[in-house]
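The values are calculated or read from the model by the stated rules, or taken from the named source; none is laboratory data. These figures come from a predicted structure and were not determined experimentally. Heads up, the Cβs are rebuilt from the backbone with ideal geometry, glycines too, and the neighbour counts pull from every protein chain shown. Please note that ligands, DNA and RNA were not included when accessible areas were found on the heavy atoms of the full protein model with its side chains. Shrake-Rupley method; radii C 1.70, N 1.55, O 1.52, S 1.80 Å.
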Amino acid sequence: MRAPVILENCQTAIPDAAIVMDERLLWLGPRADLPGDYAGLVRHDLGGRLVTPALIDCHTHIVHGGNRAGEFAQRLEGVSYEEIARAGGGILSTVRATRAATQAELVAKALPFVDALLAEGVGTIEIKSGYGLEAEAELRMLRAAREIAGLRDVTVKTTYLAAHAVPPEYKGRADAYLDEVCIPTLRVAHAEGLVDAVDAFCEGIAFSSDQVDRLFRAAKALNLPVKLHAEQLSNLHGAALAAGHGALSADHLEWLDEDGVKAMAAAVTVAVLLPGAFYALRETRLPPIDLLRRHGVAMAVATDMNPGTSPLSSLLLAMNMACTLFRLTPAEALDGVTRQAARALGLSDRGELVVGQRADLAVWNCESVAELSYRIGFNPLHQRIIGGVL
Ligand code: NIG
Ligand code: FE
């Protein structure tokens, strides 16, 4: 047990706050109200700085081989993401590079991007598989994700995304891929303790809603929560399907309609907004933010860090983009990378400055919450505190 300490002279929602913590938050309130029993504890003066929960990146593909800078150039010349995918590039080009990489290579490649996130106050990262699309390579990606958690002071939540694309050896036989590879490998990965949630890409270039439904039933049989890449490029009603399965989140959502929003509201499924992919694909169709607000659907924000549609390893920039491109308020953007991101991962022990939560905090050289989303390309982090360690 760590000896409790006091953080004082900081601002939260309270202008002149104090925080008492060990591994958890023990007390939080106006500095003037600090109870006398804490009088003898070591004090750290934060110089009036802003304190928030440590940030949470709840949607990344940060473990992968290779890069797709060539496709970036192609897209600038007018070739679409779907055209590249149908021609065997896109996700499948990253699959080739990922299959060729060892676990050590995957970890070494991911770490600089992980470090970039941590340098911005991130304390929890979700990492998906989905560039292996064969048993060994999917397992290797998930093991790499678990290994990262041991190498850095960060919580990693893994998501099994073997239903990301149909691999070339199963071209035109998506159902066979699901039955012979995707679902059996899920069971193996789960038995090895490698899976915290199950995801899929529900799209014309990937898997149909019936196929996703089948995968989600297999996940349910293993007691694993589900989430879904839904309504990114078209409307296959994936969000409603995910909500019907009680999904933690539905992600992307540019093509989401009001029925989908209502289904998400009823199931308390979080909408994960990914402005980096919107930006990089030069998408013009906005996710239905007003509908989500009107129906009370919680909105999270994440980087979607991946080599194709979102080579973005700054969660602060994702917050800026969520405000500038999607018109979230700066308060919604912060909520989206803390409290709502935690819910999108099924985590109830972090994301809020509330007594009993993990002492995962970010201390900022900022005077207001709005400043976090306002700057572009500047990192105002003063200090990250993980599990109460300064
Ligand atoms: O979240 N939409 C599908 N999956 C990723 C992109 C993967 C890729 O292009 O490599 C996404 O945007
Ligand atoms: Fe994604």
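Numerical summary
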{"item": "Carbon + sulfur, % of accessible area of the chain - ligands and nucleic acids excluded, 1.4 Å", "result": "53"}
{"item": "Among Ser80, Gln103, Val114 the positive-end extreme of the charge dipole of the stretch 31-119 (Cβ point charges)", "result": "Gln103"}
{"item": "Tilt relative to the chain, helix 103-118 - C-alpha long axis, 0 to 90 degrees, to 10", "result": "40"}
{"item": "Overall form of the stretch 316-368 per C-alpha gyration tensor (a/c, 1.5; a/b vs b/c)", "result": "oblate"}
{"item": "Among beta bridges that DSSP assigns inside the chain, antiparallel share in %, nearest 5", "result": "40"}
{"item": "Label-to-label distance, nm, for residues given as Ala87 and Arg294 (7 Å Cα→Cβ offset)", "result": "4.1"}
{"item": "Residues of the stretch 147-210: accessible area per residue with a 1.4 Å probe, Å²", "result": "38"}
{"item": "The stretch 274-390, accessible area per residue, ligands and nucleic acids excluded (1.4 Å, Å²)", "result": "40"}
{"item": "Under 5 Å, built H, 5+ apart or other chain: amide partners of Trp27", "result": "Val20"}
{"item": "For the stretch 94-102, Karplus couplings with θ = phi - 60° (6.51, -1.76, 1.60), whole Hz, Gly/Pro x", "result": "5, 4, 4, 5, 6, 4, 7, 9, 7"}
{"item": "Value of [θ]222 nm, deg cm²/dmol, for the chain, DSSP H segments ≥ 4, -39500 (n - 2.57) each, nearest 500", "result": "-10000 deg cm²/dmol"}
{"item": "GNM top mover of Glu23, Glu203, Glu169 - the chain, alpha-carbon springs below 10 Å", "result": "Glu169"}
{"item": "Rounded to whole Hz, the Karplus (6.51, -1.76, 1.60) HN-Hα couplings of the stretch 301-314, x for glycine and proline", "result": "10, 9, 7, 6, 2, 7, x, x, 8, 7, x, 10, 10, 10"}
{"item": "Bins of 20 Å from zero: percent of alpha-carbon pairs in the chain", "result": "29, 57, 13, 0"}
{"item": "0 to 90° range, to nearest 10: angle between helix 209-221 axis and the chain longest Cα axis", "result": "60"}
{"item": "Solvent-accessible area per residue for the stretch 22-116 (1.4 angstrom probe, square angstrom)", "result": "45"}
{"item": "From phi via Karplus (6.51, -1.76, 1.60), per-residue ³J(HN,Hα) for the stretch 69-81 in Hz, x at Gly/Pro", "result": "4, x, 5, 4, 5, 4, 5, 5, 8, x, 6, 7, 4"}
{"item": "Cα gyration tensor, the stretch 199-329 - rounded (a/c under 1.5), prolate or oblate", "result": "prolate"}
{"item": "Cut-off under 5 Å, modelled amide H: who pairs with Val122 long-range", "result": "Leu55"}
{"item": "Residue-level accessible surface for Ser208, protein heavy atoms, 1.4 Å, Å²", "result": "50"}
{"item": "Alpha-carbon centroid distance for the pair the stretch 74-119 / the stretch 218-286, whole angstrom", "result": "22"}
{"item": "Pairwise label distance in nanometres, Val42 with Gln383, each label 7 Å out on the Cα-Cβ vector", "result": "1.1"}
{"item": "Angle between the chain longest axis and helix 135-151 axis [Cα atoms, degrees, rounded to 10]", "result": "10"}
